[in-house]
Every structure is written in structure tokens, then in C-alpha cells.
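What follows is a set of notes on a single structure, which appears directly below.
The values are calculated or read from the model by the stated rules, or taken from the named source; none is laboratory data. Bear in mind the structure is a predicted one, so any value in this text is a computation, not a measurement. All Cβ positions, even for glycine, are placed from backbone atoms using ideal geometry, and neighbour counts span all protein chains on display. The accessibility values were calculated without ligands, DNA or RNA, using every heavy atom of the protein model including side chains. Shrake-Rupley method; radii C 1.70, N 1.55, O 1.52, S 1.80 Å.
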Amino acid sequence: FALHCIISLCSCVLAKHLLAQQQRQVSRASTMGDPRRLSVEEPQGDEPIIDGEVLDDLEGNGEDLGLPDDESSGGEDMEAEEAGPHGEVEDDSIHSFEGHSDAVLAVAWSPAHPDLVATGGQDDKAFIWRVGQDAFESTAGTLSTLELSGHSDSIACLAFNSRGTLLATAGLDGVVKVWSAADGALVKTLEGPGGGCEWVKWHPKGDVVLAGSEDFTMWMWLAQSGTCMQVFSGHQGPVTSGGFTPDGKAVVSTGGEDDMSLRVWNPKTGECTATLQGHAFHQAGITCSAIHSDSAVVLTGAEDGCVRVSNISSNRILGALEGHEDSVEAAGFSGHLPLAATAGVDGKLLIWDCATLSQRGACVHPDAITRMAWHPLQPLVFTACLDGMVRCWDLRTGGAVRQYGGHAAAVQDLALSPDGSMVVSGGDDNSGKVFMTSGQM
């Protein structure tokens, strides 16, 4: 196959390690025949990719926040740049990947490799590519780009496994494909869902893939063999979000329109062990969810702007969080402070105190928020917005840290590098862009 993409290398690169400014370099990369093999090595550690314990689990064998008392609304005073999706803005990115021929809908960063990212698009293709100055120089500007073809419809989501050796792509064609991150080879095609895939996740300790479908079902496969381990049935609407609990012992899923439920499943048996649904819960389709690191508390957001906090261990609704005026598109818990955040079509990123279930801040955007990502080391949240901007917010104050321009249309997804020094985004302008975050804390 032939692949043509433009790699733009601009200023703002590698603070502390490179000169303060460097001349932007532009390189046109083309891969012909066999793609260059990426240097994706097994991370060091004692835990195997798939171990007996993970398979046994799934097969059935064997304080003071330091925050002001008043709600912070520092983000409300942040003015967006005049030029939005239809105007010219300064490109703050260090790389601009333009291998896609249609909108980039999904991005992912390898959790084990600081220079390996993937993008999936409306052109039915995914790409694996490297980022950073070292990658640019060591590959003569090609960034070892690998094209992954085979889907017959848009790639709506993708994810690396915990070791960064495999990439799962899930499409609106109802198919999940597993690829080698080292050479882009297809490992397995996972079939079963009768509708488009809404999301795809990996088990936190093994190579087990979980995907939710618009056909009301959720599927679990063993990635290397393609064996279907479970089909979870019970939702009365599309399975809009879900995943394994962080301890890997349960599966959580949410239902969209006509279902409006949160369900907990036993991955060993496929049995639904708990259901939250009804008048006290959501009255509109659930759009997103997040599971706390304790594997017990779940945050859910819905189309009508309602947010609920639930405990799936006790099967209780802990509280209702009010503040959004339109559909909630993203939710999550901070890994550093007892805070949570939700983001919505109303352009609000709302910060919540988990102890009191009260609002601690409102970060207002000029347009709808499509995605939210958390910094791995700092109490910071990054947002993707329909105005084409990526923004960084400090959870402690609710204030804006920085905004990143470069996309000429809406930003659909974003992900941070394992060390938080870079963020990759995908947009409706058919590009994937990488921005430096280091030096901005």
C-alpha cells in the first residue's frame, strides 16, 4: 500500500531538553511495501500479558483539598480566540499527522511507550505512529507510520492494552480488530455484535477485550485466540459506555435511550449481579460513565444533563449532581484529589467535591465539549471542544492553564502521554495533532 502524510514539526518542542525555540520542520512521509517495524518492546516486569489468574478470574476457575470555600469560576472569564473552526488560528502543535482522508474520531496513547500513538477515523482506517523529536530524527521524518486497513465503516474508538503491545480498533461495522503495535499486523478479527461498536476497553491485567454495541449487547473476547468468552445481554437500548472495574473483577455498563440503566456483571458467568434504574436514577439515556479506583463508586452522565453517583457494591444511588443544561459527554474521577468532573454539550466542565457531592468549580467553554482527559501526574483536566481548541484546566482552582490551537474544525477526541508531557488530539479537519504540555504547569 502507499501512504502519504505530512509531518509538521513546529516550535514549542521538548522544554528543558532542547533549545527554547527550534525551526519548524516539515517532512512528507511515505511508506511503501512492508512498513518500518516500530520499536515496541515488552515492558519490564514480572506480570505476563495473559496469566492464569486473569483467565481464572474471567472464566470462573478457581482530607483537606486546599480549595477555596467558594466555587471557583475562573474558567468563565477565559476568552476563546476569535478564530474558531472556520477561521485561521496559530498552530501550537509539534506534530500534525494528515494521513487520514476524513475526520479523526478516536485517538489513543500507548500506556507503556511515551512516543507511540494511534488514530482512527471516518475513513475506516487507523494509523499507528510515533511522536517526539527523537522519533522524528531516528525515522528520517517518517515516524514509522503504520496503516491499519480492514474496517468497512468508521472507526469510532480504539485502545491499547496495558502493555502497549496490542491495539484494538472498534468500528461502526460492528467489528473489533486486534493489531500488533510493533508492525501493524492483524492479530485477530473479533466478530459478534449485530450493530456498531460504541466503545472498546481492555482488561487491566490481561489481553481480554470488552466492547459495547448499539444492538443492546456487550461482548468479551480473548484477544490472542479470538475466542468469545461472554456475551452480556439485558440492556434494552444501546450499550453506550462501560468497562472492567479497576480490580478486574466485574464489568460495568450503561444503557442509552429506552434503557437508562447502570448494570454490573460477573465476567465469569455473564450474570447481571446489580441494576440501577428507575425514578431516582436517570430519566434519559446514559451517555458516559467513570469507575472510581476503588471499583465501587460509579459516576454516570445522561442526555438530559443529569449526573448520578452510585455505589455498585451496595447497589445504592449516593447522590444527584445538578448543573448541566444539556447532554453530558464525559465524566471522570481525579487520581490525585477527592474530586470528580463532568463535561457536556452546554460547554461546561463542572468540578465536583466527592466528599460533599457539591460543585466546586465551573470551567466554561464557548462551544460543546466532546471529550475530557486527565493528566496522569497532576490535578489537571484537558478538554476537547467543538471550537477546535484543546484546553487545560486546574482542578484546584477551576482556572484555565492554557489553550492549544491548530485544528481547523471540531476536536473529537484527545489522550495524554504516560508522563503527561504531551497530548494528542483528533479533529474533523482530518488531522491528528500533538501538543507539548510540559512547562505549562
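For Asn266, the conditions (1) under 19 Å from Ser295 (Cα atoms); (2) modelled with pLDDT of 95 or more; (3) open to solvent by 20 Å² or more (accessible area, probe 1.4 Å); (4) under 22 Å from the mean Cα position of the chain (by Cα) all hold with the exception of (4). Of the residues making up the range 201-208, at least one is part of a strand (DSSP E or B) and open to solvent by 10 Å² or more (accessible area, probe 1.4 Å).
Report yes if Ala156 is within 17 Å of the chain's Cα centre (by Cα), within 16 Å of Ala211 (Cβ to Cβ) and open to solvent by 10 Å² or more (accessible area, probe 1.4 Å), otherwise no. Yes; evaluated as a whole, the condition is true for this residue. Within the range 184-192, not a single residue is open to solvent by less than 10 Å² (accessible area, probe 1.4 Å) and either of a type in the set (Ser, Thr, Tyr) or farther than 25 Å from Val117 by Cβ (or both). Applying the criterion of at least 3 residues that are polar (S, T, N, Q) to the strands (runs of 3 or more DSSP E) found wholly in the range 101-192 leaves an empty list. If you go through the range 213-237 and keep only what is closer than 25 Å to Arg308 by Cα and surrounded by 22 or more Cβ atoms within 10 Å (Cβ to Cβ), you end up with Ser213, Met218, Phe232, His235.
Scanning the range 295-318 for residues that are open to solvent by less than 30 Å² (accessible area, probe 1.4 Å) and among the polar types (S, T, N, Q) turns up Ser295, Thr300, Ser310.
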